[in-house]
Amino acid sequence: MENIIWIQNYQSPCGELILGSLDGKLCLCDWMDENRRALIDRRLQKVLHARYETGESEVIVRAVAQLDEYFAGKRTEFDIPLLFAGTDFQRTVWNALLNIPYGKTVSYATLSQDLGKLKAIRAVAAANGANSISILVPCHRVIGSNQKLVGYAGGLPAKQWLLDLESSGRLF
């Protein structure tokens, strides 16, 4: 039996996102204009045995409301149930991303060390890059060891925009 991932677009201040949910959990919050869009879509549909259908779900409505609050500087954490579609290693990395506090950044090397995988920096970076739930799973908070911005599915300008939002101190 084939599942349905309900999808809808969301226009953020720094680019268009596609949101997707399955069984009351968010499985997709990813950038529309990126080169890896087809790769992410294929992986989600294969792993979750699902097809996309445009529509609304309760979790997407909640995600939109929380994203609106985040972009307005009124939210620092999300409480949306998430569904990760990836390998065990990828899911481990994505769960670790959830522990990076709002307004803080870590390097790929630090993230690798925190995971006990110091020699797996490239694998950790690849898993970070395969994250299909941007912003809520804050892969934008991972930067190079030299403190420079490197790689982001939404593009470096979007990554910089998100980091600036989180460091602005203009909450509430």
With every protein chain kept in place and a 1.4 Å probe, the stretch 9-52 has an accessible area per residue in Å² of 48
If I take all pairs of Cα atoms in the stretch 1-125, what percentage of them are more than 24 Å from each other?
34
Rg(Cα)/(2.2 N^0.38 Å) for the stretch 50-104, N = residue count:
1.35
With bins 10 Å wide starting at 0, give me the P(r) of the stretch 92-145 over every alpha carbon pair, in whole percents.
28, 63, 9
Can you give the FRET efficiency for residue 35 and residue 65, using 1/(1 + (r/R0)^6), R0 = 45 Å, r = Cβ-Cβ distance, to the nearest 0.05?
0.95
In square nanometres, what is the average projected area of the Cα convex hull of the stretch 1-55?
3.8
Taking the chain and counting helices only, DSSP H stretches of n ≥ 4 at -39,500 (n - 2.57) each over all residues, the nearest-500 ellipticity at 222 nm comes to -11000 deg cm²/dmol
For residue 43 the rounded accessible area (nearest 10 Å², probe 1.4 Å, non-protein molecules ignored) is 50
Write down the percent of antiparallel bridges among all DSSP beta bridges whose residues are both part of the chain, to the nearest 5.
60
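The values are calculated or read from the model by the stated rules, or taken from the named source; none is laboratory data. Since this is a predicted model, take the numbers as computed values, not measurements. Using ideal geometry, Cβ is built from the backbone for each residue, glycine included, and neighbour counts are taken over all protein chains shown. Accessible surface areas use protein heavy atoms only, side chains included; no ligands, DNA or RNA. Shrake-Rupley method; radii C 1.70, N 1.55, O 1.52, S 1.80 Å.
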